[in-house]
Amino acid sequence: MQSTALTARRRRRELDELTAETVDLLVVGGGVTGTGVALDAAARGLSVALVEAHDLAWGTSRWSSKLAHGGLRYLATGDVGVARESARERHVLMTRTAPHLVRALPQVLPLTPGTGRRRGLTVGIGFGLGDLLRRDAGTSSLVLPGPRLARPGEVARLVPAVARERLHGAWIAHDGQLVDDARLVVALARTAAGRGAKILTRVRAVDLRADGATLEDALTGATLTVRARVVVNATGVWAGTVDPSVRLRPSRGTHVVVPAARLGSPTGALMVPVPGSGSRYVFALPGQLGRVVIGLTDEEAPGPVPDVPVATQAEIDFLLETVSGVLARPLLPDDVVGTFAGLRPLVDTAGSSDGPSADVSRKHLVEVSPSTGAVNVLGGKLTTYRTMAEDAVDLAVKHAGLTAGPCWTTALPLVGAPPLVGPGGTGVSTSSTSGTGSTSGTGGGLPDSLVARYGNEAAEVLAAAVLPGSASAVGQGIAGTAHLDITRAEIEWAATHEGALDADDVLDRRTRIGLVPADRAAVRDVVEELVADALKWL
Ligand SMILES: Cc1cc2nc3c(=O)[nH]c(=O)nc-3n(C[C@H](O)[C@H](O)[C@H](O)COP(=O)(O)OP(=O)(O)OC[C@H]3O[C@@H](n4cnc5c(N)ncnc54)[C@H](O)[C@@H]3O)c2cc1C
């Protein structure tokens, strides 16, 4: 096992080494799919390098709704296979690989005379089917409680801002919620690094071939040629820019961010049916840092793929209006403190270009590209990254005639997860190899927010910090930042262990301070200073 710490120095060294060797597998793209592929391949004993043009989780993987879905939505569109796969992968995440990053989230669908008997019944049947998926996946009701009807009082406790007038009660069902999607990607990348994968950010693949790629180092401007026995293209919605044979049908999903206090600091998610649709809902999801995130739209997004997609005013209005339909006090444009949008990398299969993008299958595609000879792995979802990775590595191994062990990532906890106890009492863990000493475990008076983000590594995040004031909040002494429960130690850890190369990486991907521009502006100087100090030694 190697260190799981990603640093600027390690990046420089490994980039140098890469030019002198032939790796078994080169992964292009550092989202959830690419980092999942890197981990799967490294765990099978292959030599692996991953290149990411910008930063880990730069792309769609940081713009998700952060749900580990049970697949209910896919049942509604008839994708039973996708629905079952989703529920099984949710189970793996919540019980084995990343239980520290995924929690059970109660979802509340208020029932009023306006809901209609038919909709109320359909939702009940849907939740019942969703529960069958949970049982089929083997997920205990202690991990994810089954669906039930709730009284108005309970609705008010979970989501205080719901209008009580004419409220009969609600359906409540549970799904998995990630503390943050970008943190899952970083955990995957570090776990892969612990098994020897080279994780190289700010490195763009400009030309893909079956036996390697031409790369550009954004930090030096240097061009380098890399040899690989097989290449995996995991560039998501940008896949067409490196492979002309890829046909994607991007669909934009937008969220707005409001202060949690505006909805009475809910602990459950609010689910509001989209008028006129039998299967779509708008969700108000309570998240970290005192925020509620409201989504989701599904809009065709043809044309060139932007680096960072932007929400439209029409989408923002639609989300506020739909949620306000069940609130005691409607949300107003002034309540919005941030917005974000991402593009789903939906695969344009024969016949899929006729209907709305919301109906396009979320199945993933794994194929050898007729144009580059690389293995393309596209589509899918955050929840199913692991099976996508398994399929991609299976095909890559076969295609290149490599010798590799079988996939075993269902039993491989990510950094920060508690070890799995095997039959002989042996633990499988990656959390004690971060390069700065042993892990102290969770609890022990540590802040809940720290444990929610770092799991078993929480104590080490604090212990490893050497800069002054490490336990204090990043915004200490700065007005209007009390809701940012992020310590200065976490900023330092991002640079010393999580591969952050500048303040933007920290603000926008290691922490999600940047989802609210005012928060970002308030602590930017402090974060810049901390990152500059931490990088001095790296
Ligand atoms: C709005 C929205 C909400 C969603 N919500 C959920 C949800 O709640 N649950 C769920 O399971 N799924 C959800 N999804 C789906 C999920 O987010 C995506 O399927 C997943 O994140 C795609 O990951 P990826 O790694 O394939 O792509 P990306 O995350 O986009 O990664 C591709 C990476 O490749 C890099 N790259 C591109 N070109 C190059 C190049 N030439 N060289 C090197 N690197 C390159 C990019 O910078 C990028 O980082 C949602 C999607 C959207 C859009």
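In segment 455-478, what residues are farther than 19 Å from residue 535 by Cα and touching a Lys or Arg at 6+ places or on another chain (Cβ under 7 Å)?
472
Within segment 473-490, track down each residue that is in contact with a strand residue (DSSP E or B) (Cβ under 7 Å, 6 or more places away or on another chain) and among the small types (Gly, Ala, Ser).
Scanning segment 473-490 gives a single hit, 473.
Mind listing whichever residues of segment 164-190 are touching a Pro at 6+ places or on another chain (Cβ under 8 Å) and within 30 Å of residue 341 (Cα to Cα)?
Here is the first cut: in segment 164-190, the residues touching a Pro at 6+ places or on another chain (Cβ under 8 Å) are 164, 166-174.
Correct list: 170, 171, 172, 173, 174.
I'd like to know if segment 258-281 contains one or more residues that are among the basic types (Lys, Arg), within 11 Å of the ligand (Cβ to nearest atom) and either touching a strand residue (DSSP E or B) at 6+ places or on another chain (Cβ under 6 Å) or in contact (Cβ under 8 Å) with a residue 12 or more places away in the chain (or both).
Step one: filter segment 258-281 for residues among the basic types (Lys, Arg), giving 262, 280.
The next check asks that each one be within 11 Å of the ligand (Cβ to nearest atom); those that pass are none.
Checked against the condition, which is being among the basic types (Lys, Arg), within 11 Å of the ligand (Cβ to nearest atom) and either touching a strand residue (DSSP E or B) at 6+ places or on another chain (Cβ under 6 Å) or in contact (Cβ under 8 Å) with a residue 12 or more places away in the chain (or both), segment 258-281 yields no hits at all.
Of the residues that sit in segment 378-419 and are within 15 Å of residue 33 (Cβ to Cβ) and among the hydroxyl-bearing types (Ser, Thr, Tyr), which one is farthest from the ligand (Cβ to nearest atom)?
Here the answer is 409.
Going by the conditions given, is residue 227 touching a helix residue (DSSP H, G or I) at 6+ places or on another chain (Cβ under 7 Å), away from the ligand (no atom under 12 Å from the Cβ) and not hydroxyl-bearing (Ser, Thr, Tyr)? Walk me through it before giving the result.
On the way: touching a helix residue (DSSP H, G or I) at 6+ places or on another chain (Cβ under 7 Å): no; away from the ligand (no atom under 12 Å from the Cβ): yes; not hydroxyl-bearing (Ser, Thr, Tyr): yes.
No, not satisfied.
I'm trying to understand the selection: among the residues of segment 33-72, which are part of a helix (DSSP H, G or I) and more than 10 Å from the ligand (Cβ to nearest atom)? Quick ask: steps written out before the conclusion?
Kept after step one, since they are part of a helix (DSSP H, G or I), are these residues of segment 33-72: 33-43, 60-62, 72.
Within segment 33-72, 38, 39, 40, 41, 42, 43, 72 meet the criteria.
If we scan segment 76-85, do we find a residue that is of a type in the set (Val, Ile, Thr), within 12 Å of the ligand (Cβ to nearest atom), modelled with pLDDT of 95 or more and surrounded by 19 or more Cβ atoms within 10 Å (Cβ to Cβ)?
Residues of segment 76-85 of a type in the set (Val, Ile, Thr): 77, 80, 82.
From the residues that got through so far, the ones that are within 12 Å of the ligand (Cβ to nearest atom) too are 82.
So of that shortlist, the ones also modelled with pLDDT of 95 or more come out as none.
So far as segment 76-85 goes, no, none of its residues is of a type in the set (Val, Ile, Thr), within 12 Å of the ligand (Cβ to nearest atom), modelled with pLDDT of 95 or more and surrounded by 19 or more Cβ atoms within 10 Å (Cβ to Cβ).
The values are calculated or read from the model by the stated rules, or taken from the named source; none is laboratory data. Quick caveat: nothing in here was measured; it's all calculated off a predicted structure. FYI the Cβ positions are ideal-geometry reconstructions off the backbone, even for glycines, and counts take in every protein chain you see.
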